[in-house]
1. Set the Förster distance to 35 Å, then compute FRET efficiency between E66 and K194 from the Cβ-Cβ distance, nearest 0.05.
2. May I ask you to compute the full-extension gain from F240 to A228, defined as 0.36 nm times their residue separation minus their alpha-carbon distance, rounded to one decimal in nm?
3. Ignoring everything except DSSP H segments at least 4 long, calculate the 222 nm mean residue ellipticity for the chain; use -39,500 (n - 2.57) per segment, divide by total residues, nearest 500.
4. Simple spin-label model, 7 Å along Cα-to-Cβ: I205 to M258 in nm?
5. For the range 139-231, calculate the relative contact order in percent as a whole number, restricting contacts to Cα pairs under 8 Å that are 6 or more residues apart.
6. How much net charge surrounds V211 when only other residues with a Cβ under 12 Å from its Cβ are counted (Lys, Arg +1; Asp, Glu -1)?
7. Label points 7 Å out from Cα along the Cβ direction at K108 and N213: separation in nm?
8. Could you list which residues have their amide H under 5 Å from that of A33, counting only those 5 or more apart in sequence or on another chain, with H placed in the peptide plane?
Amino acid sequence: MQLQDRVAVVTGAGSGIGRAIALRYAGEGCAVAVADLDETAASRVAAEIEAAGGRSLTVCMDVADEAAVERGVEETVAAFGRLDVMVANAGIQIVHPVEDFPYAEFRKVVDIHLGGSFLLTKACIRHFYPQKSGSLVYMGSVHSHEASPLKSAYVAAKHGILGLCRTMAKEGGRHGVRANIICPGFVRTPLVEKQIPEQARDLGISEDEVVRNVMLGRTVDGEFTTLADVADVALFLASFRSNALTGQSIVPSHGWYMG
């Protein structure tokens with residue numbers, strides 16, 4: 001039980017990668033605040049955790065709303081008495097060529113990914129710093145390192161989260177707080193499924209070509225990264241037993257990005 005008696009807050013945990021991480025943490029003895037804008041989805045995941053004998057809390061959280069983020073973190077600490085791990089995972093995807101990208105939509109993507117990561121960090125370190133411990137886990141992407149057409153907002157946000165993570169490794173170090181970022185390749189979540197027809201339309205190619213050439217073309221084996229792959233990395237980062245590992249980007253991407 002690598003996270004026995006620890007407490008984590010995971011955003012975007014009502015589905016996809018966030019759900020996989022929440023369940024993985026709970027299976028390792030961690031109490032998990034399942035945070036999501038969709039309270040019904042968060043409640044379903046919390047119920048799964050509790051049905052398996054774990055401890056959970058449903059938190060309705062809009063990560064772009066500072067008051068909501070602070071309230072959710074305080075609810076978590078009130079429920080479980082402490083906080084040890086933060087996973088900033090909430091995100092959306094909107095794709096357009098830059099010339100057709102409405103600024104309001106660009107800002108929405110950046111506000112949720114990057115702004116949400118910042119606000120969650122700010123709320124969590126208020127508890128991490130006094131206890132001289134804590135693990136900040138950010139959800140980046142291969143797009144934290146690489147660019148792709150049509151994804152100006154997403155790429156900008158994910159590059160920004162990489163910078164935020166590295167800054168927090170430096171600021172948090174003297175407080176015993178680690179900061180690391182997971183940068184997966186394409187994981188076949190509902191977010192990615194939605195992109196396939198959108199990119200096929202905007203690039204003028206078939207959906208099969210989007211998957212084979214755009215999403216998986218630079219992997220070494222033509223395979224999607226799995227939810228389990230990402231959850232395993234998140235567990236490794238949360239449970240690492242010293243502060244030696246901080247400021248690092250781990251890239252489970254089937255070799256799409258090597259660095």
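1. On the way: r = 28 Å, r/R0 = 0.79.
Calculated transfer efficiency: 0.80.
2. On the way: separation 12, 0.36 × 12 = 4.32 nm, distance 1.80 nm.
Contour length minus Cα-Cα distance gives 2.5 nm.
3. Mean residue ellipticity, 222 nm, calculated: -14000 deg cm²/dmol.
4. In this crude spin-label approximation the distance works out to 2.2 nm.
5. Relative contact order, the range 139-231: 25 percent.
6. Charge balance near V211 sits at -3.
7. My value for the distance between the label points is 3.0 nm.
8. A8, V9, V10, L57
Every read-out reported here was derived from the displayed coordinates using simple, explicitly stated rules and does not represent laboratory data. All figures in this text were calculated on a predicted structure; none of them were measured in a lab. A quick note on method: Cβ atoms are made from the backbone with ideal geometry, for glycine too, and the neighbour counts reach across all protein chains shown.
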